[in-house]
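Step one of this worksheet: look at the structure below.
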Amino acid sequence: MIPVIAIDGPSGSGKGTIATRLAAAFGWHLLDSGALYRIVGLAALRLGFDLESPDEERLAALVGRLRIEFTLNGFVLLDGDDITQTIRLPEVADAASLVARIDVVRKALLTLQHGARVDPGLVADGRDMGTVVFTDAALKVFLDASVEERATRRYAQLKEQGADVSLPDLFSSLRERDERDRNRSVSPLVPAPDAVLIDSTAMSIDQVFERVLEEARKRNLVPSQ
């Protein structure tokens, strides 16, 4: 069985950074499932979908037509266009949260996610990696932080990228997204029963990484060098 480390948590908790570091350290593949939903959200916005009450069949058909590519040097392409920075914008994050509520979208993306499980292993980050997509993951981590800390982190990240953003707006957006993600009827954002819970509010990225690495060692998941 190809090993999987599943890292779930809300936006801004640091799960993407930790997953990327783990995959690089282990020489494993990386699945950024949140990027898949952001790509669908972006495509839907560009086509003028009403995401509050969308045509679900039309949206599922859209997912089937998308040409998504994650390059080895970290770029994300949609139908050949570089959308690496675009999918990190707050409005795209909100769209991702809206499309993620839709069962047909989740089912359409499930095959893509399962296909990422290849040798020698996979680090998968998202919101339902341990509860739905990879329920047999060797290690499940649920990474959280206060909404204030997560908003501050995302604000700094977006400002560094040159985005025109407001910290109060980001805070409100994150709270609304948390509410949707935690209370949606399909694959809600909750820890798996056997997940390791880590609150990163007062922790550095290095401290979180070492904590996850410790759990991986306990399960004999760290590749021999």
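Just so it is clear, none of the values below were taken in a lab; they were calculated from the coordinates. No experiment lies behind these values; they were computed from the predicted model shown. Every residue, glycine among them, receives a Cβ derived from its backbone with ideal geometry; neighbour counts consider all protein chains shown.
For this structure, a couple of remarks:
- THR201 meets each of the listed conditions (1) without any contact (Cβ under 8 Å) to a residue 60 or more places away in the chain; (2) in a helix (DSSP H, G or I) apart from (2).
- Counting the residues of the range 123-164 that are free of Cβ contacts under 8 Å to residues at least 60 places away in the same chain, within 21 Å of LEU89 (Cα to Cα) and not aliphatic (A, V, I, L, M) gives 8.
- Test: residue in the range 84-96 that is surrounded by fewer than 19 Cβ atoms within 10 Å (Cβ to Cβ) and without any contact (Cβ under 8 Å) to a residue 40 or more places away in the chain: yes
- Among the residues listed as ASP144, ASP194, ASP119, the single one being buried (at least 17 other Cβ atoms within 10 Å of the Cβ) and either under 22 Å from ILE39 (Cβ atoms) or touching a strand residue (DSSP E or B) at 6+ places or on another chain (Cβ under 9 Å) (or both): ASP144
- Remark: VAL92 matches the filter, which requires a residue to be farther than 17 Å from ASP125 by Cα and touching a Gly at 6+ places or on another chain (Cβ under 9 Å).
- Against the numbered list (1) touching a helix residue (DSSP H, G or I) at 6+ places or on another chain (Cβ under 9 Å); (2) in a helix (DSSP H, G or I), THR111 comes up short only at (1).
- The listed residue being part of a loop (DSSP other than H, G, I, E, B), more than 24 Å from ALA25 (Cα to Cα) and over 18 Å from the mean Cα position of the chain (by Cα), out of PRO223, PRO168, PRO193: PRO193
- Hey, LEU51 outside any helix (DSSP H, G or I), under 26 Å from PHE142 (Cα atoms) and of a type in the set (A, V, I, L, M) or not: no
- Selection within the range 122-145 - in contact with a Gly (Cβ under 8 Å, 6 or more places away or on another chain) and among the small types (Gly, Ala, Ser): GLY126, ALA137, ALA145
Per-residue answers, yes or no, for (1) among the aliphatic types (A, V, I, L, M); (2) part of a strand (DSSP E or B):
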| site | (1), (2) |
| --- | --- |
| ARG117 | no, no |
| ASP125 | no, yes |
| VAL132 | yes, no |
| ALA137 | yes, no |
| LEU143 | yes, yes |
| GLU148 | no, no |
| ARG153 | no, no |
| ALA156 | yes, no |
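- Condition met for ASP169 (touching a residue at least 24 places away in the same chain (Cβ under 8 Å), surrounded by fewer than 18 Cβ atoms within 10 Å (Cβ to Cβ) and not hydroxyl-bearing (Ser, Thr, Tyr)): yes
- Under the condition of being outside any loop (DSSP other than H, G, I, E, B) and crowded, with 19+ Cβ neighbours inside 10 Å, the residues counted in the range 1-20 number 9.
- Against the list (1) surrounded by 13 or more Cβ atoms within 10 Å (Cβ to Cβ); (2) under 27 Å from ALA6 (Cβ atoms); (3) touching a residue at least 24 places away in the same chain (Cβ under 8 Å), the condition PRO54 fails is (2).
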